Amino acid sequence: MDRRESLKSLLVGSVAGGLLVTGCAPENTVEIPEKPQLPGYGRNEAEKEHDAKVLSETFFNEHELETIAVLCDIILPANAEFGSATDAGVPEFIEFIVKDMPNNQLPLRGGLAWLDSHSNKLYGMEFKKLNEEQHKAICDSIAYPGKTPPELKHGERFFTNMRNLTMTGYFTSEIGVKDLGYKGNSPGVWDGIPEDVLKQQGMAYEEEWLAKCVDQTKRTDIATWDDDGNLLT
């Protein structure tokens with residue numbers, strides 16, 4: 001099972017307890033898209049006003065957003081079928097989250113500073129400028145809770161937080177939903193009351209109703225009624 005499949009399984013397994021809020025590296029130069037417009041989802045007026053306010057603000061600076069983009073794509077890279085975390089707009093999602101839920105601001109900004117400091121100590125460069133092997137070495141050292149050296153515990157907490165946010169942002173995006181194969185609500189198949197149960201009750205379907213209600217070739221048709229309440233089709 002590859003990393004994306006493992007993450008997908010982790011997400012599906014965690015749905016009962018709520019969504020999670022873990023890759024080849026991308027190129028060093030990351031293009032950050034413009035701020036998103038309000039989406040066309042179902043929100044009341046107060047919520048729309050709140051969202052507009054949050055989207056109009058800025059928290060992360062350009063360097064921080066570029067570092068987040070690099071880290072997100074290390075955590076969840078593109079594959080042959082689906083785009084990466086940045087393709088799904090995860091950096092923008094994280095920027096929204098820290099403004100919508102300010103308790104995330106200090107841990108993430110502090111974590112990004114720690115990441116650059118640790119990278120400079122090891123390689124003399126900030127994290128986003130490292131090569132794939134160097135990215136992997138740092139991420140592997142902080143990606144496995146319970147196996148992290150005591151001196152890297154701050155990095156472990158930050159990486160775990162980033163992994164959860166990347167997962168949530170990706171698998172609630174249009175790309176991520178397609179990746180999961182989620183098809184939304186679908187009508188069930190019902191073949192009517194079983195024949196033996198009807199016989200026990202001394203009942204039977206009228207042929208006219210069978211044709212209208214239990215014909216699975218018409219299961220997606222919308223029923224129509226006349227003014228007297230009689231089923232037409």
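By accessible area, using a 1.4 Å probe on protein heavy atoms only, region 53-180 has 54% of its surface on carbon and sulfur.
Once you reduce region 159-203 and region 66-110 to the center of their Cα atoms, the two points are 27 Å from each other.
The residues of region 53-180 expose on average 46 square angstrom of accessible surface per residue, using a 1.4 Å probe on protein heavy atoms. Largest first, the three principal axis extents of the alpha carbons in region 53-180 are 37, 36, 28 Å in whole numbers.
Label separation (GLU206 vs ALA137): 8.1 nm, computed from points 7 Å beyond Cα along the C-beta direction.
The values are calculated or read from the model by the stated rules, or taken from the named source; none is laboratory data. As the structure is a computational prediction, the values presented were derived from the model and not from experiment. As a convention, Cβ positions derive from the backbone with ideal geometry for all residues, glycine included, and neighbour counts pool all protein chains shown. Surface areas here come from the heavy atoms of the whole protein model, side chains and all, with no ligands, DNA or RNA. Shrake-Rupley method; radii C 1.70, N 1.55, O 1.52, S 1.80 Å.
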